[in-house]
Amino acid sequence: MKNSKYYPWLVVGLLWVVALLNYMDRQMLSTMQQAMQADIVELNKAEAFGALMAIFLWIYGFVSPVAGMVADRVSRKWLLVGSLFVWSFVTWMMGYADTFRQLYWLRAVMGISEALYIPSALSLIADWHEGKSRSLAVGIHMTGLYVGQAIGGFGATLAAMFSWHTAFHWFGIVGVVYSLVLILLLHEKPTHARAVRKPAEAPAGPADGKKPSVFAGLSVLFSMVAFWVILFYFAAPSLPGWATKNWLPTLFAENLGIPMSQAGPLSTITIAVSSFIGVIVGGILSDRWVQRNLRGRVYTGAIGLGMTVPALLLLGFGHSLPAVVGAGLLFGVGYGIFDANNMPILCQFVSAKYRATAYGIMNMVGVFAGAAVTGVLGKWTDDGNLGLGFALLSVVVLVALGLQLYFLRPKTDNME
């Protein structure tokens, strides 16, 4: 099967489901604060709820570089299988939690297991898809994240219909079962599999395919000006990106005066549908533009970032249904275009030997930015200033946009 010309797209399909489960399991908590308050009193304070969301991000961020380094050196298939199984099992166990401390530590374990996913998945997809299909393949995979985010938005609805315990139980069970499907159908790229063989099994000589040391890889990455720019370019939009993931349901509820059981699905579906459109459009546009201009991927990502600026302002200050939902749609399309091109742009500057490591570092920086903004917005929510916080994030995005356009000038579409 793995030798079929269609198998690279099967890889995308298999990982699309994992991406869905990844965001579904993490997102559902953001809509279930009200449902859980009666059983866990600490969640009556937005700051405590923000801390629960932030611990996931801090742990996720610290583990991400390690996850990338490991993914460059071992079978990514088994990292993906193990990651999915553990975070799904944790989700299942969250349904049995009856104290804030239990939820807190389960959320921390989820951060460890989910951190293993993105660097492995995106580097695997990038290896299976080169040239004309890379951005589209990454973009299609990203739609799984958005669909998972939308389904996670129904956590509050399920909690209202049944209980929050039941919602965690069934979402977790689905992931545990799907990890068995990956064992049967997902395969590592043969070139990567040869490169990570044990030294004793590797052929001798200078072209033995061995991976360089961890510190050598880090030295290469941090000596590149382009990589530092990519780090900031990735981190700055992560502020509003994580803000929408964790606080958009609350913003919709406050600005529109509707209950969370309605605001959760409305906000997450708005972002998911528009982001779905964005990554497909961004993937197709980038793959075509780069054939004529090597900066085509950079320009495509810049268009996406530019669209999020007015969207953030309108999200912050809008109080009507058309304004808030329209802003969410504009933000989703723009962020989707940006999201579809992160790994393809990275491939223009970083060799395949270091891509998972590089993306792991990027993920760490982006997630730390997200963890910081999650905690800050929790305090601002308690003070009634959540909308202002969203609007101010547009300034950071503008700075990232300028740096991206000025410094990122690739010389190839696939750095060897």
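The values are calculated or read from the model by the stated rules, or taken from the named source; none is laboratory data. The structure displayed is predicted, hence computed values, not measured ones. With ideal geometry, Cβ positions are generated from the backbone for all residues, glycine too; neighbour counts draw on all protein chains shown. Each accessible area value is taken on the protein alone, full model and side chains, heavy atoms only, with ligands, DNA and RNA left out. Shrake-Rupley method; radii C 1.70, N 1.55, O 1.52, S 1.80 Å.
What the table below lists for this structure:
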| item | result |
| --- | --- |
| Protection proxy ranking, peptides 164-176, 403-415, average beta carbon neighbours within 10 Å, highest first | 164-176, 403-415 |
| Carbon and sulfur %, accessible surface of segment 274-416 computed with the full protein complex present, 1.4 Å | 70 |
| For the chain, radius of gyration divided by Kirkwood radius, i.e. Rg to Rh on alpha-carbons | 0.96 |
| Where the Cα pairs of segment 223-361 fall when distances are cut into 5 Å bins, in % | 2, 10, 19, 20, 17, 13, 9, 6, 3, 1, 0 |
| Diffusion coefficient, µm² s⁻¹, Stokes-Einstein with Kirkwood Rh over alpha-carbon pairs of segment 49-178 at 37 °C and 0.692 mPa s | 207 |
| Relative packing of 301-311, 73-83, which averages over residues the other C-beta atoms within 10 Å, highest first | 301-311, 73-83 |
| Mean Cα-pair separation over length for the chain, i.e. relative contact order, pairs under 8 Å, 6 or more apart, % | 26 |
| Surrounding net charge for residue 295, when Lys and Arg each add one and Asp and Glu each subtract one, Cβ distance under 11 Å | +3 |
| Where a label projected 7 Å from the Cα of residue 383 along Cα→Cβ would reach, residues of segment 51-90 with amide N under 14 Å | none |
| Per residue solvent-accessible surface (Å²) - segment 215-296, probe of 1.4 Å | 37 |
